Each structure stands twice: as C-alpha cells, then as structure tokens.
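Take a look at the structure set out below.
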Amino acid sequence: MPVLAFTLSPESLGKLHDALVCLGKFSEAVCIEAVHDKLTLTALNSSKSAYASFTLIEKFFAKYQFKGTGANPSREKFNCKIYNKALLSVFKGRATDPMREKDTAIERCDVTVEDGEGTGKSRFIIKIACRHGVLKTYRLTFESVSPMHALFVKESAGNVWSISSRTLREFVEHFGPGTEQLDIYFEDGRVSLTSYTEKIMSGNEVLKQPLHTTIAVDTLEFGEFHVEEKLHIVISVKDFKSIVSHASTINTTVKALYSHPSNPMQLTYSDEGLLSEFILMTTGEGRGASAAPNSRANSKRPASRPALEATPSSKKPSNPEMRPPSTSAALSLNRDAAPRSKVSRPSPPPPQPSIQTDALFFPEADDDRRWDPVNSDEEEDEMLLWDAGGNSVVATMNSGKGLQSAETQSQSINGLSRINAQTNPDASLPQTQRLAPTQRLSGIRGMFDD
Amino acid sequence: MRFKTSIRNIQTFSTSLSTLGKVAWVRLDDDSVRFTIIPETGTQVWASLSIESIFEDYTIQSAAPNNTINLELPLPPLHRALKSAINATSASIRLTKKDGVPVLSLTIITNTVSSGNSAGGFLNPANADPFGDNVFREESLDANMGREREAIVTQDIPIRVLTADSVEGIHEPRVREPDAHIVLPSLIQLKAISDRFTKLAMATSYGGARGGASSTASVPKLELAANMHGSLKLSISTDSLNISSVWSGLNNPELDPRQLDGENPENHPSAKLKAAGQDAWSTVRIDGRDWGKVLSVGRLGGRVIACFADEHALILYVYLSNFNDGVDDSVLTYYISSFSV
C-alpha cells in the first residue's frame, strides 16, 4: 500500500532533474516531504549556511496522490531522505531531450513510495516507461528523517529587489572562478555586485589571488527595487551561482528579500507548478561609501562560517542516552545560527528602527550562559527542544509563530536564529528534552573561515 | 608609474598564450609590448608585439629608461577577465593599486543583452494586465524600453611589479644556427594530424592506458623533420606502430644576408643541408601534447617559419602580419628543445 504515488510527464521529469542538480550543489542528500497537495524537496548545506527548497504543487504532476497511513491524510506528512546521486542517476538528463535519443525517449514516470515502517519494505519505487515498451524500475531505499526547514521572516526584510533570471545570469558569467564572497551594494542609483576573496597573500602567492570582479548596473535592470543605500550585504558567491544557474534555465524573475548583514537572505522564483526558495546566510556591514568590500579592515574581521560539526568530541550532552537520533543536526542548526550575530558588525546608523542592532551582539562575558537550561524560563523561545508528540505546548523550534513573536519581543539571539530548524511532529523522537549546549560560543568560527 | 590603454585584438592573443603557461613576464615600454613565458618544462615563448597591434590610446610612464614597466602577470585570470570583454563596447586597462596590492584593472563597458526586456519592462507583473491601471503609462514604459542599459564590469587581475634588476638576467635562449628553415603548412591541419598521431601512439604503446602517463617521459615523441627542398615530415613510432606524414612543395625562405653578420651564406648550415639533397633531413623530437599547445597559436593567423637545429631545438617564428599591414614588427618566438632518442 503506497503512501505516496505520483506520475510525471517527460517535461516535468526534466524539471525535476534540474531541481535535483541544483539541490546537489548544496547537499549530497535531498529531503523529501509529501503532504496531500504538494511535494517539497529540500537540502541544507553542511555548514548550515544555505538552504534550498523546491516545492512541487499538484499541477506539476500528471497525477499526484498522497494516501497517508492514518485516518486524516490531509493533515499528515511523509518524510524521507535520499542520497541525491541515486535520484540523479535515475532521472538522468536524457528525459529533457526526446529528440536526441528517440529510441529511448521517456514517455512517463511513475513514482510510488511504500512505507512499511520497520518491516524493511520501505522503498522509493520509480518506474520509467520508455518508448517501445521498455519499462525501467528502480527501487531506492530511503532514510526516514524529518527535514529541516530554514525559517525566514518576511516581515523584517525591508530590502527587496527582483530581476530577470537571464539578466542575472549575464552578471554571474563575469565572475571568475575561485572567489568566495559576493557583495551587493547600492548607491546613487547604481547597484554593484562584487565577487571577491578575502585571503591575504604575499610574495608569489599574490598572483594566485582570484579575480576581483565588480559589475555596476543601473537599478533599471531590476523590476522591483527597494534597497537601503550604502548597505553591504555579503553572501557566498558559490551558492549564488548555483541558484542563478538553475534560475536561468527558466525565464523567470528572481526576487530577493533581506534585512541586514548576519540575517538571512531569501531568494525566490517560480515556474509552472514549481516554487523555488533559497535562504542564505549573509555577512557584511553597512559601511560608508569609501570602504571597498575587500578593504583591509574587512579582511580582518572574524570570518563567519558556522562551524557546526567542528568538534563532536567536545560535545557534552546532558544525558547521553537522550541524544536525538538522526535529527541532531536540528540542534546544531540553531546552535550555529545564534553565534553568527556575534560576528556581525555594527551598522553605523541603525538602518531600520525595527531592528535593534545592539541585540545582535552577545554580552562578551557570559554569552555561553544563554544556553544554560537553568535560565530557560526567561528565554524559552530560544531553547532547543525536541518536539516528540507534536502535542507539546512549549514553544519549540517547530512553531514558526513562536519564533516570530520571539523575535519581536526579544531580539537577543534570533537575529540569527532565523535560519532555524523545524522538526516534524511525527518524527520518532524521545520525549521533549532540553539539550545543553555542545559548543562554546567562543569556539564558533565564521562563515568563510577556510 | 603609469600605464593605461584601451585594448583591442587581445582576446585571441591571450587565448594562445594561456595554454602554454600560468605566468608571463610582461615588459611594456614606449615602443613595444613583450610577453615572455618560461615554464619549468616545455616551450618558451618570447613574443614582441607592436603597441598598435593590441592597444589603443596607450599611455606609459615610469622612472626607467624608455618608460619601461616590468610586470609578472598570471595568465588564467587575464584570460578569464578578457572574456568579459567579448561583447563590450569599450575595454580599457590600467595599472593601479587596490588596498595596497598592485593590480591590472580592466574596465569593460558592455550592454546587457536583455535591454528593454528585463523585469522593468513588460515582464513586470504590474504591467502585465492590459486592463489594469498601468495600461496607459506608456511614457514610462517607452523610457525603459528604448534605453540601452550599460553594465560596467571591473576585473582586477593581481600582478607583481618587477624591478629592472630582477629581469636583467633573463635572456632569450641561445641556439646555434639552424640547419633547415621552412614555412609551415596550415597549422590547423598540422595540429589535427599531430594530435591524431600522439593519441594513436599513446593508445597503442600502453595498451590503451589513456591520460595516465602524465610525465612527458612516458609519452611517445613526435619526430618532426625538414629538408631544404620544401618537405616537412611528421612521424611517430612505437613498438606496434610506425606512421608518418610528409608535406612537400613548401617554401624554404631565403636567408636575410643582413642577419648573417657578414658570413658567407654558402657556409651557413642550411646551405650545406640544401647541397646534401632531398634526402638530407634535419630532425627534432618533441612532446606531442606540448606541440599541440604550441600550435594553438594558429588561431592568430600568422605566417609561421620553423627553424630546425638538428637533434637540438626547434624554433618557430610567428609573424602576425595581419595585425599590422605587412610590417613584421609583431613576432612570437617559440623555443622548443628536442628530446634525445
């Protein structure tokens, strides 16, 4: 009895393949989440600084049926995690070009998922019907894991621009290989996109420094454009390239939303039946016009990649047997997210009154205490909790509302915690627990450390 | 120290150079531009170009005689940066410092292809509704559509400025007087056949182990030979294979008496080889893959004269006459040493 069954036309299959290729640039595993009217594919990179998701709504499919296992399928979810390469090799690019290989052209693709919890019969079954009656069947195993979704609070994102994906591609093509950061800056009616690397080299090494590329364009290139002037916002150029290379396969408009450095940036675009959303961590600062993005001062700033997996050995779980199963990353996600604000720099004039810049900083001395369970009553919204039954009323990470309100109330930690984990209620987790911090904030390093 | 110029023609030029090495020594002065590539192994290139062949509105100024500036320039970033200039309306280059680091800064003004069709125009969802409020706002739409949008791209290439002392000791290789000199046939044809020979030899001599042989020693050597009677012979041999290809009817150019230092042309090695008849060859053995890279200079479309010093070296002179109507002041010289048997 399949939990999920859907059918793809060759055209949709090609689009799914493109989406998987894009997800593969973020993580080697793809999380699949099915509900009664849509399928969501997500990937979170290993440093938890970038999140990609593709939502396929019903019209993307020739047929889509989610049966669920219980009485009320419309409120249920099915989650799994599959090695991306396995999916890619099944949905090979061939589907996109029926003209090239006429004899092996794919006519349709049926996917069913059987979830025989614990019986070993859980399989992700893909049947591809090709011309001349050839039927290929693939049975993939999957891991039953709740996906983690990065959260993005649109309300606090005051900066917005949108631009044609083709134009964006033209810009990105000017960037040479090897750079790490992309700085987006607006002043005097012109937008500068700068791709650069901060590594300081000397002697012969200087010649190995990657190209420093700046593209200055008129804001008329953009459709919508409301961005604070003289604000440097920096994202990973690699992530940006991955997004643009997918977006440019579709003639669409890419929309960016962001607030301030050290807060996430959201990039979205859509195609027929396919919604793409990316959430990227940002660094940077609101500096005067004189400072170039690669100025010395900037180079010296502590880098900002979250070093999540940094020290598994240094972990000190409060209770060893309570260690969460495979979703432990959810913990680290939040843990990683918070310290970022420490990295952020003061934006000289607090750019928007709604954001309390001071709150982005931790008190130097006792920042680690924030993680102490003892204080949890005061800062409940920031606690990391495992939501076991989905019934808990405690403000846990999976309550998006809780987070948002938390944000307005106390801006302390979650300036950053907005890339945040959501666990799923039906995940087989132990009872609600609180985990002690596993890494000292002082040990956390930045986004582009290596 | 000042250097600023607009650039032209440089694209194909950089393509040809960047295959041969990662770093070039560039010497700029009032009269010419010199690019020198001296890789650890493989072919040396000494290119001397007239200013006009690649630059326009050239300004150079330094404390050294003849306003000479010596730079160490990484070729892959240069090549990548110049890619941005392909559809540019203007491109200029200048020597400057950014954050204390010297760079060659390339400024390119290019039109965005999607001009008038980007999200600001009809694609804007707000204007998509023909019955919406925006339907009569033609003025603003026209303004957007008619405007050529420019993007200004700045590419900063890291460089090192070299002192005169540090380049003083670098000289062109000394090679003895060649035994044969001959105008090469079409380089694209020569390259296709050379590459084919190399592949065949690699496939047959190592049981099809491809690419694995990374050291030049294990790759079979191409044998290139010329006589002074218009023939060029390309051959390769392995245990299981022996192939060769011969061109005939090529031109052996006359020696310029001015370059013989008053010596009797009759005593020149090439005269002796010519006297020895059609079966007298001057031969060099070269690495097939390196040779393939050298031949990529063919895209510049110059005339190529090959000079053979038997069992010693091969020198190619590439005259870029098409850059500068008939005046041979842009010459690329390739020094390729011969491998011993």
Quiz prompt | Which numbered condition A:Gly158 misses (of (1) within 19 Å of A:Tyr185 (Cα to Cα); (2) within 14 Å of chain B (Cβ to nearest Cβ)) | solution = (2)
Self-check item: Subset of region A:176-187 that is open to solvent by 30 Å² or more (accessible area, probe 1.4 Å) and modelled with pLDDT under 90 - its residue that is nearest to A:Ile163 (Cα to Cα)
Solution: A:Pro177
Quiz item: Among (1) surrounded by 15 or more Cβ atoms within 10 Å (Cβ to Cβ); (2) in a strand (DSSP E or B); (3) in contact with a Lys or Arg (Cβ under 9 Å, 6 or more places away or on another chain), where does B:Ser235 come up short?
Solution: (3)
Self-check item: Cβ pairs under 8 Å, 6+ apart, first in region B:60-81 and in contact (Cβ under 8 Å) with a residue 12 or more places away in the chain, second β-branched (Val, Ile, Thr) and not in a strand (DSSP E or B)
Solution: B:Ser62/B:Thr68; B:Asn70/B:Thr163; B:Asn70/B:Val167; B:Leu71/B:Ile159; B:Glu72/B:Ile159; B:Leu73/B:Ile159; B:Pro74/B:Ile159; B:His79/B:Thr15
Exercise. Return the residue satisfying two criteria in turn: it lies in region A:192-226 and is crowded, with 21+ Cβ neighbours inside 10 Å and more than 9 Å from chain B (Cβ to nearest Cβ), and of such residues it is nearest to B:Pro74 (Cα to Cα).
Key: A:Ser195
Quiz item: What residue, among those in region B:76-104 that are assigned to a loop (DSSP other than H, G, I, E, B), open to solvent by 30 Å² or more (accessible area, probe 1.4 Å) and of a type outside the set (A, V, I, L, M, F, W, C), is farthest from the other protein chains (Cβ to nearest Cβ)?
Solution: B:Asn87
Quiz item: Give me the pairs: first residue in region A:130-147 and in contact (Cβ under 8 Å) with a residue 60 or more places away in the chain, second residue surrounded by fewer than 17 Cβ atoms within 10 Å (Cβ to Cβ), beta-carbon distance under 6 Å, and six or more apart or on different chains, which are they?
Solution: A:Val145/A:Ser326
Exercise. Return a yes/no flag: does region B:100-121 have any residue that is out of contact with any helix residue (DSSP H, G or I) (no Cβ under 9 Å at 6 or more places or on another chain) and at pLDDT below 90.
Key: yes
Self-check item: Residue ranges of strands (runs of 3 or more DSSP E) in region A:137-204 with at least 3 members under 30 Å from B:Val101 (Cα atoms)
Solution: A:181-187, A:190-196
Quiz item: What are the residue pairs meeting all of these: first residue in region B:279-302, first residue in a helix (DSSP H, G or I), second residue surrounded by fewer than 18 Cβ atoms within 10 Å (Cβ to Cβ) and of a type in the set (D, E, K, R), Cβ atoms under 9 Å, and 6 or more apart or on different chains?
Solution: B:Gly288/B:Asp195; B:Gly288/B:Lys199; B:Arg289/B:Asp195; B:Trp291/B:Asp195; B:Gly292/B:Asp195; B:Leu295/B:Asp195
Quiz prompt | Matching residues, region B:244-268, being surrounded by 15 or more Cβ atoms within 10 Å (Cβ to Cβ) and either in a strand (DSSP E or B) or in contact with a strand residue (DSSP E or B) (Cβ under 7 Å, 6 or more places away or on another chain) (or both) | solution = B:Ser245, B:Trp247, B:Leu250, B:Asn252
Quiz prompt | Flag for A:Asp271 being more than 9 Å from chain B (Cβ to nearest Cβ), out of contact with any Gly (no Cβ under 6 Å at 6 or more places or on another chain) and open to solvent by 10 Å² or more (accessible area, probe 1.4 Å) | solution = yes
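Please verify whether A:Ser276 is at pLDDT 95 or above and in the same structural domain as A:Ala157 (by TED's automatic domain parsing), treating the condition exactly as stated.
So A:Ser276 fits the description; yes.
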Self-check item: Failed condition for A:Glu272, given (1) more than 23 Å from the chain's Cα centre (by Cα); (2) closer than 16 Å to A:Asp18 by Cα
Solution: (1)
Quiz item: Based on what the data block shows, is A:Ser165 facing chain B (nearest Cβ under 10 Å) and within 30 Å of A:Thr7 (Cβ to Cβ)?
Solution: yes
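Right, A:Glu28: assigned by TED's automatic domain parsing to the domain that holds A:Thr137, under 19 Å from A:His246 (Cα atoms) and open to solvent by 10 Å² or more (accessible area, probe 1.4 Å) or not?
So A:Glu28 passes the test.
The values are calculated or read from the model by the stated rules, or taken from the named source; none is laboratory data. Please read all numbers here as calculations on a predicted model, not as lab measurements. FYI the Cβ positions are ideal-geometry reconstructions off the backbone, even for glycines, and counts take in every protein chain you see. For the accessible areas, the whole protein counts, side chains as well, though only heavy atoms, and no ligand, DNA or RNA atoms are used. Shrake-Rupley method; radii C 1.70, N 1.55, O 1.52, S 1.80 Å.
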